[in-house]
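To start, the structure itself, in C-alpha cells.
The values are calculated or read from the model by the stated rules, or taken from the named source; none is laboratory data. Computed from a predicted structure; not experimentally measured. When we count neighbours, we look across all protein chains shown, and the Cβ atoms used for this are built from the backbone with ideal geometry, even at glycine. These area figures cover heavy atoms from the full protein model, side chains too; ligands, DNA and RNA do not enter into them. Shrake-Rupley method; radii C 1.70, N 1.55, O 1.52, S 1.80 Å.
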Amino acid sequence: MAQSPSHKFGQTIGKLLEDIVLYDILKPRLQQFAQAKNYYLDWQRSRPARSGKKVTWQDKYGNKHDLDFVIEVDGSDNQLGRPVAFIESAWRRYTKHSKNKAQEIQGAILPIIELHHLSAPFYGVVLAGDFTNPALDQLKNNGFAVIYIPYKGVVSAFAAIDFDVAFDEDTPDENYTTAFRKLDSLTITDKEKLRQALMQVSQEEVDKFMETLRKSLERYISEIILIPLFGNRYKFDTVNDAIIGLNTINLDSPVGKFEKFEVIVDYNNGDTIRATFQNQNLLTDFLEKLAG
C-alpha cells in the first residue's frame, strides 16, 4: 500500500531533523566530550567490533534494541566496551502519539539500564515535534535526560529558509506533495541555514543535556557501605505464624551462617548503586571496576 503524502512528508522531515540535530549538532559535542575523557562514542555506522551499521544492545530479557548513541569505557573500533551512556531519539508531529512513543522509549531503554545497573549509566532522549507535558514528565521522572525541540521551534527553524512546514491533519494532500518536493530539493546552503537555525532553537536544551551527561560521567563516589548479612532462615506458612515466629527470634545475640553482602554506593551527584553479592570474589571484582 502506497504511503499517504502526509505520512511520507512526516517521515522525510523526521529523517532530516535526525540528521541535523543528532549528527550535525549533538554528535560533535558528544565526540568532544568522549575524547576528552577517554571514552568511546558509538553511533550508526560500520564498526569492526560489531556486525552491521546499527548500534544494537541487549536488555535484561534478551531483547535487542537499536540506539542512536552509546558511550563506552574501554571501547575501541575493534572492541566493545562497558556502556555508561545510552541516547535515543524520536520525532512526533501530533501529541496523540507522544504518550505511546514515550512509553516505547521507556520500554526499550529501562530494561537495558537494569541489565547494566552496576554501572548506573546515563540515559537520555532527543525529542522533536509535539510531545505533551505528561509524556515529557514520564520520561524525566524515570531518570531520562531530555532534549526537547517543540514543533513550533521546528516551524521557526524552517522559516529561516522560507519553508512553511506548519501543516496539520486538515492540510490537503496536494500541499504535502508540493512540500515534499521542496523538502527533497533543499540545497546544501538551505541545509546549512536550517542547521544554524535549529542550533539556535536547541542550544539551551543541548547545553543542559551535556551538563547532565558531564555530571553523570564525571561523578565521584562519596560513600561505600558494605553490609555482610548472617543469619538463619525461618520459613512460615502464614502471616500469623511469621508474626509469632518473629517474636521468638533473639535479636540481641544473633547467630547463623553468612548469606550475602549488600552494597550501597553513593555518588556526589545523587546517583546510587545498590547490589547484592553472595560471592566475595565477585564483590571484589565489582569494587575493582569502580576503582578503575
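Here are some notes:
- All conditions but one from (1) closer than 30 Å to Glu218 by Cα; (2) of a type outside the set (A, V, I, L, M, F, W, C); (3) free of Cβ contacts under 8 Å to residues at least 40 places away in the same chain apply to Lys182; the one that does not is (1).
- Residue among Gln11, Gln32, Gln44 that is closer than 30 Å to Arg181 by Cα, free of Cβ contacts under 8 Å to residues at least 12 places away in the same chain and open to solvent by 30 Å² or more (accessible area, probe 1.4 Å): Gln11
- Condition check for Leu226: under 33 Å from the mean Cα position of the chain (by Cα) and under 27 Å from Pro28 (Cβ atoms): no
- Under the condition of being in contact with a helix residue (DSSP H, G or I) (Cβ under 8 Å, 6 or more places away or on another chain) and either over 29 Å from Phe86 (Cβ atoms) or charged (D, E, K, R) (or both), the residues counted in segment 204-235 number 2.
- Hey, Asp271 open to solvent by less than 50 Å² (accessible area, probe 1.4 Å) and of a type in the set (D, E, K, R) or not: yes
- Complete set of residues in segment 125-145 that are surrounded by 18 or more Cβ atoms within 10 Å (Cβ to Cβ) and either small (Gly, Ala, Ser) or in a strand (DSSP E or B) (or both): Val125, Val126, Leu127, Ala128, Gly129, Ala135, Ala145
- Some residue of segment 67-90 being on the phi > 0 side of the Ramachandran plot, modelled with pLDDT under 95 and either in a strand (DSSP E or B) or not aliphatic (A, V, I, L, M) (or both): yes
- Of the residues making up segment 56-66, those that are in a strand (DSSP E or B) and of a type outside the set (Phe, Trp, Tyr) are Thr56, Gln58, Lys64, His65, Asp66.
- Selection of segment 219-237 for residues being of a type in the set (D, E, K, R) and surrounded by 12 or more Cβ atoms within 10 Å (Cβ to Cβ) yields only Arg219.
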